[in-house]
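So the structure is just underneath, and the comments pick up after that.
The values are calculated or read from the model by the stated rules, or taken from the named source; none is laboratory data. These numbers were taken from a predicted model, which means no experiment stands behind them. Virtual Cβ from ideal backbone geometry, glycine too; neighbours counted across all protein chains shown.
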Amino acid sequence: MQKNANAVNGSDQKWDIDLHGVGGKRRRAPNYTDKEIRVLMSLVVDHMDVIESKQTDSTTWRMKDKAWNSITEDYNKASVTSKRTSEMIRQKYESMKKTARRKEARNREETDAVQMEEYEKELLQLLELHGGYVSQKSNIDVLMETKLNDSVNIKSESSSDSIHFEDDRDEEAFIITDDDRVWDLGNNLNNRSKLYFAKKQLEQLEREEQRQITEHQYRMKTQEIKTKVFLQREKRARLEHVKKMELLELEIEFKKKRLGLI
């Protein structure tokens, strides 16, 4: 028995192990059906930000455990073939990621394309979006922003392409309209200091604008994928309902024939 268990743990298994078999014996849990995979995907989408977080602190790990427990609970509440543990669900998700990435890599390198499931394509899209997502400013940005707010007050003139700088210390003001001369004004240390901070603040504003654009695109794309998954689930549910009604009508007709009512 120990030998069989070690063999399973040491191989790239294609099934899950149910530890709650009769008499405490290990037995192979049923393979995941297409329906179970769709259920798992729909649950994972709602927790993607947590389970794919790159943070490694204890708080994040607790959040991940909580998310997987929630996914497992909802999964087992659904109409599935077999109950699964949180570890089984997690292993299946990791296996799905590896398989999807392996197929994508092969399709890039070889002309003989491998057929990818729709859920695999959606999963890769979600992983790609999450991997490029930046949610916080860096410490350098925060420090630079503080220094700039203390040193320089920038006002944009709507009627001109020039930039107006005001130094609060001596109320000296000047206007520069040539971008090529903005960062090279000779040996005046005061001017160079003001221009340095002004340049850094402009760079900070550009980074902040790009960060907001990236966040917006991420939210929109994630919502688009969630909507697509939801619509696909609704479509499958309608088709299943139609099939069930057709089967019910056939059963009624068959019983009527047996009773001589037709």
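Structure values in brief
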read-out: Pick from the range 69-115, criterion surrounded by 15 or more Cβ atoms within 10 Å (Cβ to Cβ), aliphatic (A, V, I, L, M) and within 24 Å of the chain's Cα centre (by Cα), ranking: nearest to M48 (Cα to Cα); value: I71
read-out: Filter result for T56 (outside any helix (DSSP H, G or I) and exposed (fewer than 15 other Cβ atoms within 10 Å of the Cβ)); value: yes
read-out: Residues of the range 67-88 satisfying the condition of being part of a helix (DSSP H, G or I) and touching a residue at least 12 places away in the same chain (Cβ under 8 Å); value: A67, W68, N69, S70, I71, T72, D74, Y75, S86, M88
read-out: Failed criterion for I154 (all others in (1) modelled with pLDDT under 65; (2) loosely packed, with under 13 Cβ neighbours inside 10 Å hold); value: (2)
read-out: Near pairs, Cβ below 9 angstrom, 6+ apart or cross-chain, from the range 90-115 (free of Cβ contacts under 8 Å to residues at least 12 places away in the same chain) to any residue that is of a type in the set (G, A, S) and loosely packed, with under 11 Cβ neighbours inside 10 Å; value: R106/A113; N107/A113
read-out: Filter result (surrounded by 13 or more Cβ atoms within 10 Å (Cβ to Cβ) and among the hydroxyl-bearing types (S, T, Y)) within the range 206-249; value: T214, Y218, T222
read-out: Options K243, K255, K200, K235: the member that is in a helix (DSSP H, G or I) and either touching a strand residue (DSSP E or B) at 6+ places or on another chain (Cβ under 9 Å) or modelled with pLDDT under 85 (or both); value: K200
read-out: All positions within the range 26-48 that are surrounded by 15 or more Cβ atoms within 10 Å (Cβ to Cβ) and assigned to a helix (DSSP H, G or I); value: E36, I37, R38, V39, L40, M41, S42, L43, V44, V45, M48
read-out: The range 198-225 residues that are in contact (Cβ under 8 Å) with a residue 12 or more places away in the chain, paired with ones that are of a type outside the set (A, V, I, L, M) and part of a helix (DSSP H, G or I) (beta carbon under 7 Å, 6 or more apart); value: Q204/D141; Q204/E145; R207/D141; I225/E122; I225/Q125
